1. Using the alpha carbons of the chain, what is the convex hull volume per residue in cubic angstrom, as a whole number?
2. In debye to the nearest 20, how big a dipole does the stretch 191-284 give about its Cα centre with +1 on each Lys and Arg Cβ and -1 on each Asp and Glu Cβ?
3. For the stretch 113-237, what % of the accessible area comes from carbon and sulfur atoms, probe 1.4 Å?
4. For the chain, what relative contact order do you get, as a whole percent, if you take Cα pairs closer than 8 Å and at least 6 residues apart?
5. Full-extension gain between residue 391 and residue 197, please, as 0.36 nm times their residue separation minus the C-alpha to C-alpha distance.
6. Can you give the helix-only mean residue ellipticity at 222 nm for the chain, where every DSSP H stretch with n ≥ 4 adds -39500 (n - 2.57) and the sum goes over all residues, rounded to the nearest 500 deg cm²/dmol?
7. Taking the Cβ-Cβ separation of residue 286 and residue 144 as r and a Förster radius of 51 Å, what is the calculated FRET efficiency to the nearest 0.05?
8. How big is the C-alpha Rg of the stretch 225-363 next to the rule-of-thumb value 2.2 N^0.38 Å, as a ratio?
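The values are calculated or read from the model by the stated rules, or taken from the named source; none is laboratory data. Note that the structure is predicted; figures quoted are calculated from it, not measured. Note that we place each Cβ from the backbone using ideal geometry, even for glycine, and neighbour counts take in every protein chain shown. Surface accessibility is based on the protein's heavy atoms, side chains included, excluding ligands, DNA and RNA. Shrake-Rupley method; radii C 1.70, N 1.55, O 1.52, S 1.80 Å.
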Amino acid sequence: MTGVPIVVVGAGHAGFHTALFLRDEGVEAPIVLVDGLDGPPVQRPPLSKSMLLGEAEPRLEFRKPEFYAARDITLLHDTVARIDRERHLVRLGSGRALGYRDLVLATGCRARHLTVPGSGRAGICVLRTPHDARAIRDALGRADDVVVVGGGFIGLEAAAAARKRGCTVTVVESLPRLMRRVVSADISDHFRALHEAEGVRVLTDTTVHAFDGDTRVRQVVLADGTRLRADLVVLGIGVDPEVELARDSGLAVGDGIEVDTALRTSDPSISAVGDCSSFPTRDGTRRRFESVQNATDQARVAAARLAGRTVEFDAVPWFWTDQFAAKLQIAGLVPDPEAETETARIGDAADAFSVLHFHNGRLTAVESVNRPSDHAAARRLLAQDTSLRPDDARIPRFRLPGTAALRTG
Ligand SMILES: Cc1cc2nc3c(=O)[nH]c(=O)nc-3n(C[C@H](O)[C@H](O)[C@H](O)COP(=O)(O)OP(=O)(O)OC[C@H]3O[C@@H](n4cnc5c(N)ncnc54)[C@H](O)[C@@H]3O)c2cc1C
């Protein structure tokens, strides 16, 4: 194909899917997907789950290398160093210049590091890339004592994997409860009890003061002076959006690259999708999500707009995490604990239930533990702006519309 290409910067979930959906939309312009990756584009969720178990390596590539040639998508193993907005071109790390018709920034996030004394010692790892995950997987084979700093999704998945591999595991979380940013107190409590039942020590309201040792980390020193033995430390303390490229080229940037509801940045020929994009919501605030759903749905909207369709991003957010035998799936956004909310619980089993959240009488989120059909139904209901009320959900044996009948006896 000839002509000026659509250039997509970053070949993670958002960038890969933008290229894929552009072709699905029938866009005929050349598409160039630029990323400094070694091989074909890869997904990240297995990196903190099956990858760490040390068994057969999970398949990470979205597609085999030959897929890209077949769909006429050029994969460039390079980085974008600069955007020249006036001349509609990007400068690559290799020195080459590449013109663009439209530019899509899908630059994702980078893992945060702790800056405390000793944080440069060997054996202190973050978990973002396949390279990070392979290093942690291999270190788990040699480690006895593992300290995970951060009790969010990634930290807790890593803690569960380390425990399954026979390590002594301590999770250190600075907030009063686990996964505080995204789940309700009920779900935090459930997962704390699950980890403790599996032998993980969980310390909340606790911060790290320093890492002690020699060339390698040997101990984690907590703010109260407690010392925890550690041959491996996994940091799961969050990520920061990759916004430097956008900021240096004068685009509007806050907590992420700011876009409108059609995912256009402050320059209409540049879009931003996925973990790096900060988008406006119905309530007038801006949000940035770090999830596969968000990356894929934003890629779909950006591709449709670049194909000439009028579209807006307004997808129901959903998330999941796997820890020990529990799959937690969340549809919608769990209201802030300070907001006036009502909840209803479905399911009597201790290890399989859903919590419904209502704000101003309207369903806003459903957290499901080992109840995938509730999660699927919740996503449909939330997309339809449901009329379900808290009292409806409290009747005995209530089922979300669309879920299979419960078997009894
Ligand atoms: C270990 C782990 C487990 C996860 N598990 C889950 C899960 O269970 N469920 C879920 O929903 N989400 C999960 N996530 C989050 C999910 O993977 C991300 O939300 C998703 O990858 C975001 O896609 P993205 O394309 O926006 O960013 P990324 O996947 O981060 O991709 C961005 C890409 O841009 C490239 N890039 C950046 N700057 C440049 C540049 N200047 N030039 C060229 N290339 C550049 C980077 O190399 C990178 O490949 C997990 C994330 C991690 C790290």
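1. Convex hull volume per residue, Cα atoms: 165 Å³.
2. Using only the charged Cβ atoms, the result is roughly 380 debye.
3. Carbon and sulfur atoms account for 47 percent of the accessible area of the stretch 113-237.
4. Here the relative contact order equals 14 percent.
5. 66.5 nm
6. It lands at -6500 deg cm²/dmol.
7. 0.70
8. Rg over 2.2 N^0.38 Å, computed on Cα atoms: 1.33.
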